[in-house]
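Just so it is clear, none of the values below were taken in a lab; they were calculated from the coordinates. Fair warning: this is a prediction, and the values are worked out from it, not measured in the lab. Every residue, glycine as well, gets a Cβ built from its backbone with ideal geometry; the counts of neighbours run over all protein chains shown.
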Amino acid sequence: MAIEYTEEHDMFRQSLRKFYEKEVLPYYAEWEKERQIPRSIWKSYGSQGFLCPWLPEKYGGADLGFEYSVIAIEEMSRADVGIPFSLHSNIIVPYIEALGNEEQKERWLPGCASGDILTAIGMTEPDAGSDLAGIKTTAVKDGDDYIINGQKVFITNGWDSDLVIVACKTGNNEKPHRNMSLIVVETGTPGYTKSEPLRKMGRHTEGTVELFFEDCRVPQKNLLGEEGKGFYYLMDKLQQERIVSALGSLLAAEKMFNEGLAYSKERVAFGQKIGSFQANSFKLAEMATEIEIARTFLEDLISDHVAGKKIPAARVSMAKWWISEMANRVAYHSLQLFGGYGYMEEYPISKHYQNVRVETIFAGSTEIMKTIIAKDLGL
Ligand SMILES: Cc1cc2nc3c(=O)[nH]c(=O)nc-3n(C[C@H](O)[C@H](O)[C@H](O)COP(=O)(O)OP(=O)(O)OC[C@H]3O[C@@H](n4cnc5c(N)ncnc54)[C@H](O)[C@@H]3O)c2cc1C
C-alpha cells in the first residue's frame, strides 16, 4: 500500500524542490568537479527544516513521520544530485536519538538538525566489512576515558563530519558480538585523523575517507547506549539504512529507465527508432515490469515502517538485495540503449551507471542479505 500524501506533504515537497532549484542546481556541476559540497548548503538545508524532520521539537526537529524522509530522498533523486543529507538524517542521527542519554542528546541533536554538526558512522575496517564482529579497533578504559586505537575505511561524509560514531571492541568476551560498543568521537580530538577523500568510481561529492585512531582519548560519557551492546544496536538500526538504500536503488532504476526509454524513442538506426526493434522493446518491457514489482514491494514495506510496524529483517534484506541488483540490471541495459553516447560523461546515464554500482555492496552486500534470508528459512 502506498503512502497517502496530504497537502502538508506536498508543501514540504515543493519547498525542497525550490531549495534544489535555487540553491543547489546552479552550482552543483562546480561542486562535483571540486568533489566538495560547501558547509553553507548543509546549514541552509537545516534552517529550512529538511534535516532530521523526524526529530522531536525540543531537539530542533519538527516531530514528523518517516514519510517526510522519503519525500526528501525522492526530491534529491529528482534533482539528480548526491549530498549525504539522508545518511546523516536517516541513518546516523537516529543512533544518537535512540541510544543517547539526555546530556548527549542536548549536546548534539540541535546541531545535527541545524546543519552545524555533520555526522558519519565508522563500522568498516580494512580487514572487516561484511564480518562486522571481526573489527579490531579497541577502546580501553583509562580513568574517565576510553583510549581508542584502530582504523576505519570507506566512511561516507567522514571528510566533512564533526562527529563520528565508531564501532569499537570494549571487552574480552568470547563471543565477539558481545564485545562491541558505539563511541562518539569528535573531530579535533587528539589522536583522531582522517585521510584525504578516497578516489572512487562514482558518488564523488560524498567525502568518503579513512579514519585513524592512535591513542585517541575520548571521555567515557561519549559512549552511546550500553557497553557491549554495539553489535545489536547496529543490527537493529541497519534495518532503516537498508530501506533507505533500497529506495535509493529504486529511484535510480526509475530515472535510468526513463532515460533509456526516451532515448530509444528518438534514436534512429537502420531507418527506424531503436525502441521499435523487438530486442529493445522487450528489454524495456522487462525493465518496466521489474521496476513496478520493486515499487509495489517497497511501498508496502515503507508504509509498514511509517506506521511503526516491526518489519522482519529477512523482508528488508529481500528488498535491499533484489532492488539493488535490479537497479544494476537497469543501469546496464539502459546504458546499452545509448550505444557509445552512454559511455560519454556528458550523458547522465554514464554517471548513474557508476553511482548505482555500490548499492549491491554497502549497507550489507547482496550475499550478506541472502545469508540473513537463508537463516530465516532455517538453513
Ligand atoms: C562508497 C562506499 C561507502 C561506504 N560507506 C560506509 C560508511 O559510511 N560506514 C561504514 O562503516 N562502511 C561504509 N562502507 C563499507 C561497506 O559497508 C563495506 O564495503 C561492505 O560492508 C563490504 O565489506 P568489504 O568491502 O570489506 O567486503 P568483504 O566483506 O571483504 O566482502 C567481499 C565480497 O565477499 C562477499 N562475502 C563476504 N562474506 C560472505 C559470506 N559470508 N558469504 C558469501 N559472500 C560473502 C561480499 O558480499 C563481497 O562480495 C562503504 C563502502 C563504499 C564502497
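Things to note:
- Between the C-alpha center of segment 178-220 and that of segment 91-153 there is a gap of 9 Å.
- Taking Cα atoms only, the orientation of helix 7-19 departs from the longest principal axis of the chain by about 90 degrees.
- Normalised convex hull volume, segment 172-263, alpha-carbon set, Å³ per residue: 157
- Overall form of the chain: prolate. Here a/c, set by the Cα gyration tensor axes a ≥ b ≥ c, is 1.5 or more, and a/b is the larger of a/b and b/c.
- The lysines within cross-link reach of LYS194, meaning a Cα-to-Cα straight distance under 21 Å and a gap of 8 or more places when in the same chain, are LYS136, LYS152, LYS169.
- Nearest-ten-degree value, helix 102-114 long axis tilted from longest Cα axis of the chain: 30
- Degrees between helix 25-34 axis and first principal axis of the chain (Cα, 0 to 90, nearest 10): 70
- Label-to-label distance for ALA29 and ASP80 is 1.1 nm, based on points extended 7 Å past Cα in the beta-carbon direction.
- Lysines with Cα under 21 Å of LYS43, excluding same-chain neighbours fewer than 8 positions away: LYS18, LYS22, LYS58, LYS105
- Longest stretch of the chain clear of exposed loop sites (trypsin sites (Lys or Arg not before Pro), DSSP loop, at most 10 other Cβ atoms within 10 Å, sites excluded): 1-198.
- Sparsely packed GluC sites (Glu not before Pro) within segment 193-241, loop by DSSP, other Cβ within 10 Å at most 16: GLU226
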